[in-house]
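Read the structure below first, then the notes.
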Amino acid sequence: MARKWQNKVQQWFVDHTDMPADVIMDLPRITMIGRLHIYIENHKGVIAFSKEELRLSMKQGQLLIKGQNFILKTILPEEILLEGTIKSIEFIDG
Amino acid sequence: MKKNWNEMLFGHVRVTVRGRIPEAFINRCVKESIAIWDIERVGDREIVCSLMLKDIRRIKPILKATDCRIHFEGRSGLPFLIRRLLSRTGILIGILFAFALIFILSNMVWRIDVSGADPVVEKQIRSALKKMNVHVGSLTFFLPSLETIEDELLGQIKKATWIGVSKDGTTYHVDIVQKELPPREKETGPRDLIATKEAKIRRIFVEKGVAVVEPDQVVEPGQLLVSGSIGNEDNPKFVAAKGKVMGETWYRSDVSVPLKTAYTTMTGDIYRKHQLKVFGWSLPIWGFKSHPYKEAHVDREIKPFHFLFWDLPVSYERITYRKTDTTHRQLTMDEALAIGKETAANQLLQKLSEDARVLAIDIRKRFVENGELHLNLLMTVEEDITKPRVIIPSERIKHIRKEKEKKAPAS
């Protein structure tokens, strides 16, 4: 109940101020350059990584990226830069 | 990426991590802020990744915790590069040799420019420089300083009024101003020679013209000495009188001589120090005494080192201590008199023409005051007293005719 209340407050904040949503609600920010690079901020760790698939843990649920020839160029506590041919991105509710 | 130069500079390794869940290994590394990049899946239970060399020790516990094994694939970066280079002494010697070569060539004389000299003098300058070892190909730290070269050249080249030596990188410039020899005396119009000052004639040398005075005669300034008109009265001819009339002249002068003098002499003992100056710090190579003599004259010679176009912050310095002795001397009256006479004579002769000489010095007055001997001298000097005066022929002819007319009624 408390969590729901917090979410509502955050949602209200995002709707009524110019503050970016990812900052306030701790959401992932995903930047893509064509289908070559994908840059994800605010992840919570790698669950699975292979040449065709990257599964990241998020605050809520998971993020599944599919494609080919994946290489994790950089990985930092909050950021990930993935290189390869990206085919799809999917949010999986946890 | 911004990390690239970092990777180049610090050593890093490419490793294969083998384990049941390699992702766990990645997550642990990230959590412990161990840099890990370029991760690639190669097999079911294997990933390949890059790690910093300095982090290798820290991953050992992580490997244990995640039940993974590590296998090294490759090493790169500067530390490995250096290690590889060191094992190839040939390359290393080559690099060192190249640097040494550039260093030596940067400190070499490559060109000597001489400007302002005519070909003969230029040749003289070049041969004089060669004697001082300043020639193309010589190393600058063995060469004398610019001032020394200047002085030496000025001493050797008689035709030079001024010589400037400057150094511009590997090139020496010698600028010279040559003495302009006075042009040959042109044929001048008719002239007389007249006296410049009151004097008693001692000797007369006449090249052209007629002497109108005799030895032992006393002349006034402006008096005619050698006449430029020759020939008889009816048919006068005019020439430029030339000659010398040596007359006795008199000068007064006051000099003072300190009776007590302190003077320093070099004993001939020399102590040399050699040192390298690095960023303003002196690094002695040879000679470690700080003050070898109680009294000394100190010469410092600094030779900067160059590398290509840059002045290195390193220079070679040679300090020469020449031992000196200071002695006090009390002059006797006779010595002081002799010194006073000599200085007075020298001072006077500097103002007079070249063939002047002092005949006698008379002491008119002398007294000692404040430790100084004051003298009042009368000097008798023999010198050339002639000065040319232009003749205007037509006026001179008139003058001669007048004289003749004056004489005629008398006779």
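Of all the listed residues (B:Leu9, B:Leu51), the sole one being more than 10 Å from chain A (Cβ to nearest Cβ), of a type in the set (A, V, I, L, M) and over 60 Å from the mean Cα position of the chain (by Cα) is B:Leu51.
For the stretch B:85-128, taking the residues that are of a type in the set (Asp, Glu) and within 12 Å of B:Val174 (Cβ to Cβ), the one that is surrounded by the fewest Cβ atoms within 10 Å (Cβ to Cβ) is identified as B:Asp113.
Conditions (1) at pLDDT 90 or above; (2) crowded, with 19+ Cβ neighbours inside 10 Å, marked per residue:
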residue	(1), (2)
B:Gly11	no, yes
B:Arg14	yes, no
B:Ile26	yes, yes
B:Arg41	yes, yes
B:Arg45	no, no
B:Ile56	no, no
B:Pro61	yes, no
B:Gly77	no, no
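Inside the stretch B:296-318, residues that are in contact with a strand residue (DSSP E or B) (Cβ under 8 Å, 6 or more places away or on another chain), without any contact (Cβ under 8 Å) to a residue 24 or more places away in the chain and open to solvent by 70 Å² or more (accessible area, probe 1.4 Å) make up a count of 2. Scanning the stretch B:390-411 for residues that are surrounded by 15 or more Cβ atoms within 10 Å (Cβ to Cβ) and not in a helix (DSSP H, G or I) yields a total of 1.
Of all residues in the stretch B:221-237, those satisfying the criterion of being open to solvent by 50 Å² or more (accessible area, probe 1.4 Å) and either assigned to a strand (DSSP E or B) or outside the structural domain of B:Ala199 (by TED's automatic domain parsing) (or both) are B:Leu224, B:Ile230, B:Lys237. Can you say whether B:Val30 is without any contact (Cβ under 8 Å) to a residue 40 or more places away in the chain, open to solvent by less than 50 Å² (accessible area, probe 1.4 Å), more than 8 Å from chain A (Cβ to nearest Cβ) and not hydroxyl-bearing (Ser, Thr, Tyr), as far as the supplied structure shows? No. Report yes if B:Thr264 is under 30 Å from B:Leu377 (Cβ atoms), part of a strand (DSSP E or B) and open to solvent by less than 60 Å² (accessible area, probe 1.4 Å), otherwise no. The answer is no for B:Thr264.
Residues in the stretch A:40-91 that are surrounded by fewer than 14 Cβ atoms within 10 Å (Cβ to Cβ), on the phi > 0 side of the Ramachandran plot and more than 10 Å from chain B (Cβ to nearest Cβ): A:Gly61 only.
Mind checking which residues of the stretch B:129-149 are within 26 Å of B:Glu180 (Cα to Cα) and surrounded by 18 or more Cβ atoms within 10 Å (Cβ to Cβ)? Hits for the stretch B:129-149 are B:Leu129, B:Ile149. Against the list (1) open to solvent by 60 Å² or more (accessible area, probe 1.4 Å); (2) hydroxyl-bearing (Ser, Thr, Tyr); (3) under 21 Å from B:Ile363 (Cα atoms), the condition B:Ser253 fails is (1).
Considering B:Tyr293, B:Tyr271, B:Tyr251, B:Tyr321, the condition of being part of a loop (DSSP other than H, G, I, E, B), outside the structural domain of B:Leu359 (by TED's automatic domain parsing) and in contact with a strand residue (DSSP E or B) (Cβ under 6 Å, 6 or more places away or on another chain) is satisfied by B:Tyr293 alone. For the stretch A:28-37, the count of residues that are charged (D, E, K, R), without any contact (Cβ under 8 Å) to a residue 40 or more places away in the chain and either touching a Cys at 6+ places or on another chain (Cβ under 8 Å) or open to solvent by less than 100 Å² (accessible area, probe 1.4 Å) (or both) is zero.
The values are calculated or read from the model by the stated rules, or taken from the named source; none is laboratory data. None of the values given here were measured: they were computed from a predicted structure. Every residue, glycine among them, receives a Cβ derived from its backbone with ideal geometry; neighbour counts consider all protein chains shown. Quick note on the areas: whole protein, heavy atoms, side chains included, nothing else; ligands and nucleic acids left out. Shrake-Rupley method; radii C 1.70, N 1.55, O 1.52, S 1.80 Å.
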